[in-house]
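For reference, the structure discussed in these notes is given below.
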Amino acid sequence: MKPWISLGRAPIPGSTDELLLWRRGDEFSIRISGYVSELMNSRQHGSEEALATYACPAIADRAQAQVLVGGLGMGFTLAAALRSVGPDATVTVAELVPEVVEWNRGLLGEAAGHPLADPRARVELGDVAELIRARPRSFDAILLDVDNGPEGMTQEGNDWLYAPAGLRAIQAALTPGGVLAVWSVEAVPRFTSALNRAGFTVTVRTARARGDRGARHTIWLARKG
């Protein structure tokens, strides 16, 4: 078996941990220093793609649709969103760690087919929460794959996105009938209740990490009235 080769490391803003990029043959892995388990792997991306393919068809027929993706990762959600919207759409991805963008523009971009090269893709370096607060009634869909979901592991500040104040800001950032999609490594029933209290119409779905195999992840689809 081929050995893992380290390709890079990057500090996580607001944390003492680092992101670590590894490659073994055509397989990529991103891990967090100090954790045994992987954060993401290029061979297990079915649920990351489902985050977009479940949500974007609801707004795909809108002229000049605007989609916001929170978290670039390995680019699979961005790539799926671009496949799911029209030629005049814009998909903006907010990424907190600049090195992750650099990795995706380089060797890591192979994994998802270099979605950042698509002219409809835009990158905003920084916290997706700040972008949400700054852009009221701007997005037809907001796709969040941030910190493993409502019960994250890298940044306490991410909790704001899933709290009542964050959900109110997301409501304000969405256009009428817009869709919020949230990825989570596990089911969190209290988050379903929080979405309902925030005024969303909620559907909870699951998706496998790798085709019809692998871990089963949770995706909330929450529609603004």
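Data for the structure
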| item | result |
| --- | --- |
| Electrostatic dipole magnitude of the range 1-84 [Cβ: Lys, Arg +1; Asp, Glu -1; Cα centre; debye, to 20] | 180 debye |
| Accessible surface, 1.4 Å probe, highest first, among residues SER33, SER6 | SER6, SER33 |
| Anisotropy class of the range 105-194 from Cα gyration tensor, a/c 1.5 cut | oblate |
| For GLY8, residues with placed amide H under 5 Å, excluding near neighbours | LEU21 |
| The range 113-225, dipole about Cα centre (Lys/Arg Cβ +1, Asp/Glu Cβ -1), debye to the nearest 20 | 500 debye |
| Cα-based shape type of the range 32-113, given that a ≥ b ≥ c are square roots of the gyration tensor eigenvalues and the cut on a/c is 1.5 | prolate |
| LEU107-ARG133 pseudo-label distance in nm [points 7 Å out on the Cα-to-Cβ vector] | 3.8 nm |
| Carbon + sulfur, % of accessible area of the chain - ligands and nucleic acids excluded, 1.4 Å | 51 percent |
| Antiparallel bridges, percent of DSSP beta bridges restricted to the chain (to nearest 5) | 60 percent |
| Structure-derived volume of the Cα convex hull per residue in Å³ - corresponding label in (1) 112; (2) 122; (3) 169 | (1) |
| Longest DSSP-loop-exposure-free segment, trypsin sites (Lys or Arg not before Pro), the chain, at most 15 other Cβ within 10 Å | 44-136 |
| Solvent exposure ordering (accessible area, 1.4 Å, most first) of VAL204, VAL188 | VAL204, VAL188 |
| Accessible-area value, TYR35, 1.4 Å probe, nucleic acids and ligands omitted, Å² | 90 Å² |
| Heavy-atom accessible area per residue - the range 1-76, 1.4 Å, Å² | 47 Å² |
| Two-site label geometry, ARG43 and THR201: point separation in nm, points 7 Å out along Cα→Cβ | 4.2 nm |
| The chain, dipole about Cα centre (Lys/Arg Cβ +1, Asp/Glu Cβ -1), debye to the nearest 20 | 580 debye |
| Probe 1.4 Å, protein heavy atoms only - accessible area per residue of the range 105-225 in square angstrom | 47 Å² |
| Theoretical ellipticity at 222 nm over the chain - DSSP helices of four or more residues, -39500 (n - 2.57) apiece, nearest 500 | -7000 deg cm²/dmol |
| Stretch gain in nm, segment GLU99-ALA10, where the contour uses 0.36 nm per residue and the Cα spacing is subtracted | 31.4 nm |
| Calculated FRET efficiency for the pair ASP88/ASP26, C-beta based, R₀ 25 Å, to 0.05 | 0.15 |
| LEU143 long-range amide H proximity, modeled H, under 5 Å | LEU68, VAL69, GLY70, ALA181 |
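The values are calculated or read from the model by the stated rules, or taken from the named source; none is laboratory data. Just so it is clear, the structure is predicted and the values come from calculations on it, not from any experiment. As a convention, Cβ positions derive from the backbone with ideal geometry for all residues, glycine included, and neighbour counts pool all protein chains shown. We work out accessible area using only protein heavy atoms, side chains counted, and drop any ligands, DNA or RNA first. Shrake-Rupley method; radii C 1.70, N 1.55, O 1.52, S 1.80 Å.
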